[in-house]
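Here is the structure we will look at, set down as structure tokens.
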Amino acid sequence: MADVEALLPAAGSGERLGRGPKAFVRLAGRSLLAHAVAALAPSVDRILIAAPPGRLADVAAEAAAAAPTTPVQVVAGGTTRQASVLALLAHASADVVVVHDAARPFLDAASLTAVIAAARDAGAATLAMPIVDTLVRDGGDVIDRSGVWAVQTPQAFQRALLAAGHARARERGDVATDDAGLVRALGRPVALVPGGPHLLKVTTPADLAWAERLAPLLAPDRARS
Ligand code: C5P
């Protein structure tokens with residue numbers, strides 16, 4: 001049985017980016033999906049990927065090219081990120097699973113190893129960054145930023161704990177934008193592992209332009225001009 005499996009939700013439509021399904025959007029000569037797969041492969045035994053409807057074969061081909069020696073399984077994603085992760089969990093079997101957004105192309109080996117190690121200790125862990133900017137609501141009310149973190153991925157879990165979080169959310173109809181939130185809702189702690197700005201998520205055209213400029217620095221082995 002695999003010791004660590006990566007669950008890669010990559011089924012988003014990329015509406016805010018406006019370039020079709022985000023997994024196939026190209027950055028520095030490769031798809032966002034290929035960047036994420038290549039970053040995960042050296043540290044996991046198997047990668048499970050949620051693909052956009054009708055694109056399973058394309059995702060499998062991209063993944064095989066990015067990580068030729070890593071076993072990969074592609075499943076159909078759902079209509080939300082949470083549904084896509086739930087679909088991936090149904091096919092997972094490892095003790096520890098690490099969930100990573102395909103939209104975050106600059107994952108480094110040290111961050112991945114650190115979050116997996118923290119999950120082995122604590123049951124659940126996420127990379128996150130302390131907020132340094134002042135936070136205000138529409139209208140100007142300031143939100144106290146002390147002790148506030150921006151949560152990133154990857155997030156790693158004992159698989160049984162993440163499955164319990166998803167099962168509870170499904171029963172109650174709860175929705176969360178990340179997996180750590182579902183585990184916290186069980187009353188279980190999630191360790192915060194310092195991530196960094198390199199774990200940025202490509203959401204808007206401006207993010208993609210910024211990522212393109214950063215690629216030679218943050219993914220020099222993967223960037224092709
Ligand atoms: O939309 P957002 O940027 O929050 O998506 C985060 C990740 O979740 C992306 O990698 C996206 O492909 C994935 N996702 C998914 N299924 C959906 C929506 C998003 O796998 N229905």
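Given the alpha-carbon gyration tensor of segment 174-225, what are the semi-axes of its equivalent ellipsoid in whole angstrom, ordered largest first, with each equal to the square root of 5 times an eigenvalue?
Here the semi-axes work out to 31, 14, 8 Å.
Averaged over all directions, how much area does the convex hull of the C-alpha atoms of segment 18-107 cover when projected, in nm²?
Projected area, direction-averaged: 5.7 nm².
Please name which of PHE24, LEU7, SER93 has its Cα lying farthest along the dipole of segment 1-127 towards the positive end, using unit charges on Cβ (Lys, Arg +1; Asp, Glu -1) and the Cα centre as origin.
PHE24
Given 5 Å bins starting at zero, what is the percent of C-alpha pairs of segment 104-182 in each, up to the one with the largest pair distance?
Values per bin, smallest distances first: 3, 14, 18, 18, 18, 14, 11, 4, 1.
Would you mind working out the magnitude of the charge dipole of segment 27-109 relative to its Cα centre, with +1 at each Lys and Arg C-beta and -1 at each Asp and Glu C-beta, to the nearest 20 Debye?
That gives segment 27-109 a dipole magnitude of about 160 debye.
Please check: in the Gaussian network model of the chain (C-alpha springs, under 10 Å), which one of ASP95, ASP133, ASP45 has the largest mean-square fluctuation.
Greatest mean-square fluctuation among the candidates belongs to ASP133.
I need the Debye-formula profile for the chain: one equal scatterer per C-alpha, no solvent, reported as log10 I(q)/I(0) at q = 0.12, 0.14, 0.18 1/Å, two decimals.
Relative scattering, expressed as log10 I(q)/I(0), comes to -0.62, -0.85, -1.41.
Sticking to Cα atoms, compute the Rg of segment 119-225 to one decimal and its Dmax as the biggest Cα-Cα distance, whole number, in Å.
16.9, 48
Given Cβ point charges of +1 (Lys, Arg) and -1 (Asp, Glu) and nothing else, what value in debye, to the nearest 20, does the dipole of the chain about its Cα centre take?
Dipole of the chain, to the nearest 20 debye: 300 debye.
Coordinate-derived values only; no laboratory data. These numbers come from a predicted model, not from an experiment. Glycine also receives a Cβ, built like all others from the backbone with ideal geometry; neighbour counts cover every protein chain displayed.
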